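K.L.:
My questions will all concern the structure given below.
The values are calculated or read from the model by the stated rules, or taken from the named source; none is laboratory data. The structure displayed is predicted, hence computed values, not measured ones. Cβ atoms come from the backbone with ideal geometry, glycine included; neighbour counts cover every protein chain shown.
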Amino acid sequence: MKHTFSLVRRTLLVSAVGLIAFASTRLAMAQEAYPNKPITWVVPFAAGGPTDALARHIADRVARELGQPIVIDNSPGAGGTVGAAKVAKAKNDGYTFLVGHMGYMGAAPALYKKLAYDPVKDFDGVFRFPDTPLVLMVRNNHPAKDMAGLIDYAKKNPDKVFISNAGVGSSSHLIAALVASSAGVKVTMVPYKGAGPALIDVIGGQVDGIFDQTNTALPQIKEGKVRPLVVTSKVRLPQLKDVPTLNETVMPGFEASTWYGIYAPKGTPKAAVEKVQNAYLKVMKDKAYTGKMAEQAIQMLPPEQYTGEALSKHTESEVVRWRAVAARSGLSLD
Ligand code: MLT
């Protein structure tokens, strides 16, 4: 009896080992072939805005490294939180990623009472993009010729300065709200599904102004379609030498940029995450390529800040920081 029992136990043990070996070989094989079909990057804003433009720019080069297309899925709504929730619930198979940023992955928990995801618990950081400062631009026929003029106009016309943004918690909303609160003025926020359509209405004169990232702002300024008043970087941008910073004008010490990153749904296979990370880090070593981003005043970061681990740590600290900012400045959902 005893002999039979140990034989059964041994047989079970051998088959379990066999199963594990088979499974890990399958997994290894799957990962070796990874990616073996197109990958989706969810951009939670309408096409044509800075997030969409930056994502497409980077996706194009990363896709070439990976040998598979990266398809941009624009899923706008609620300042980017709709798209973020979609990825938090997506299959963690290495074929769906979120293009995240400061708003819906940093400030959102402080602004939205019911958020359908946790920026820290529901995602793994994959890599961080370079940061993008913003420019406040007004419609060409607005009476304000500089920032002091706009603040003066807003003080005399409370709620009559219409500032467009990409939804509550978007960078364009956050920065506008912080500047208005610091200047002691009340403006009317006009939300859109992305900064793309929001900027089009500044150019058309339907609204008065917007804070937009430099990669989409600079071409419109260059063509004279809007008037830049200030930039959010600490020092003036080489591309806009005559445009003062908020730091040197109405908000000494102020500096802000939109930070971005690629996130995977929590539990995505490490081998898949590493393959995408390595492709991106290779692209970021290509000076010809990163030089194009610098031309758009996109701020390159020290290489160690590009890793997934650095992005996850940054996300965690940003969620804490924005809670304090929201409490201090009364940032709210409007
Ligand atoms: C924002 O936060 O304002 C976004 O960057 C808007 C966008 O990219 O469309």
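K.L.:
Right, ALA84: of a type in the set (A, V, I, L, M, F, W, C), within 16 Å of the ligand (Cβ to nearest atom) and within 18 Å of THR315 (Cβ to Cβ) or not?
P.N.:
It is true that ALA84 is of a type in the set (A, V, I, L, M, F, W, C), within 16 Å of the ligand (Cβ to nearest atom) and within 18 Å of THR315 (Cβ to Cβ).
K.L.:
Quick check: is even one residue across the range 260-268 at pLDDT 95 or above, assigned to a helix (DSSP H, G or I) and closer than 21 Å to VAL42 by Cβ?
P.N.:
Looking through the range 260-268, none of the residues is at pLDDT 95 or above, assigned to a helix (DSSP H, G or I) and closer than 21 Å to VAL42 by Cβ.
K.L.:
Can you name the number of the only condition in (1) within 12 Å of the ligand (Cβ to nearest atom); (2) touching a Gly at 6+ places or on another chain (Cβ under 8 Å); (3) of a type in the set (Gly, Ala, Ser) that SER172 fails?
P.N.:
Single failed check for SER172: (2).
K.L.:
Here is a further query. List every residue pair whose Cβ atoms lie under 7 Å apart, where the two residues are 6 or more positions apart in sequence or sit on different chains, the first residue falls within the range 92-105 and is touching a residue at least 60 places away in the same chain (Cβ under 8 Å), and the second residue, located anywhere, is part of a loop (DSSP other than H, G, I, E, B) and within 13 Å of the ligand (Cβ to nearest atom).
P.N.:
Listed by first residue and then by second, the contacts come to HIS101/TRP259; MET102/TRP259; GLY103/GLY169; GLY103/SER170; TYR104/PRO44; TYR104/GLY169.
K.L.:
Could you please find all residues in the range 206-227 being surrounded by fewer than 20 Cβ atoms within 10 Å (Cβ to Cβ) and touching a residue at least 60 places away in the same chain (Cβ under 8 Å)?
P.N.:
LEU218, GLN220, ILE221, GLY224, LYS225, ARG227
K.L.:
Taking the conditions exactly as written (in a helix (DSSP H, G or I) and either of a type outside the set (Val, Ile, Thr) or modelled with pLDDT of 95 or more (or both)), does THR81 satisfy them or not?
P.N.:
yes
K.L.:
On the given criteria, is VAL126 at pLDDT 95 or above and within 30 Å of ALA33 (Cβ to Cβ)?
P.N.:
So VAL126 fits the description; yes.
K.L.:
Among the numbered conditions (1) within 12 Å of the ligand (Cβ to nearest atom); (2) of a type in the set (A, V, I, L, M, F, W, C); (3) more than 16 Å from TYR260 (Cβ to Cβ), tell me where ALA53 comes up short.
P.N.:
ALA53 satisfies every listed condition except (3).
K.L.:
Checking the structure you have, find out if any residue of the range 237-252 is touching a Pro at 6+ places or on another chain (Cβ under 8 Å), over 30 Å from VAL87 (Cα atoms) and part of a loop (DSSP other than H, G, I, E, B).
P.N.:
Scanning the range 237-252 turns up at least one residue that is touching a Pro at 6+ places or on another chain (Cβ under 8 Å), over 30 Å from VAL87 (Cα atoms) and part of a loop (DSSP other than H, G, I, E, B).
K.L.:
Could you tell me which of the residues VAL8, VAL62, VAL71 is away from the ligand (no atom under 16 Å from the Cβ), surrounded by fewer than 16 Cβ atoms within 10 Å (Cβ to Cβ), at pLDDT 95 or above and among the hydrophobic types (A, V, I, L, M, F, W, C)?
P.N.:
VAL71
K.L.:
Could you list, in sequence order, all residues of the range 141-169 that are polar (S, T, N, Q) and closer than 26 Å to VAL235 by Cβ?
P.N.:
Passing the criteria: only ASN165.
K.L.:
Can you tell me which residue is surrounded by the fewest Cβ atoms within 10 Å (Cβ to Cβ) among those in the range 94-136 that are among the β-branched types (Val, Ile, Thr) and more than 29 Å from ILE203 (Cβ to Cβ)?
P.N.:
By that ranking, first place goes to VAL120.
K.L.:
Considering only residues of the range 121-150 that are of a type in the set (Phe, Trp, Tyr) and more than 16 Å from the ligand (Cβ to nearest atom), which is nearest to the chain's Cα centre (by Cα)?
P.N.:
Step by step, filter the range 121-150, then rank; the result is PHE127.
K.L.:
Just one of (1) touching a Ser or Thr at 6+ places or on another chain (Cβ under 8 Å); (2) within 15 Å of ASN215 (Cβ to Cβ) trips up PRO265, so point out which.
P.N.:
PRO265 satisfies every listed condition except (2).
K.L.:
Related question: For the structure I just gave you, tell me whether ASP201 is free of Cβ contacts under 8 Å to residues at least 40 places away in the same chain, within 22 Å of ALA47 (Cβ to Cβ) and not aromatic (Phe, Trp, Tyr).
P.N.:
Yes; evaluated as a whole, the condition is true for this residue.
K.L.:
Is at least one residue of the range 151-161 under 19 Å from VAL243 (Cα atoms) and within 16 Å of the ligand (Cβ to nearest atom)?
P.N.:
Within the range 151-161 (the criterion being under 19 Å from VAL243 (Cα atoms) and within 16 Å of the ligand (Cβ to nearest atom)), the answer is no, since none of the residues qualifies.
K.L.:
Out of (1) within 20 Å of PRO228 (Cβ to Cβ); (2) within 11 Å of the ligand (Cβ to nearest atom); (3) of a type outside the set (D, E, K, R), the odd one out for PRO191 is which?
P.N.:
(1)
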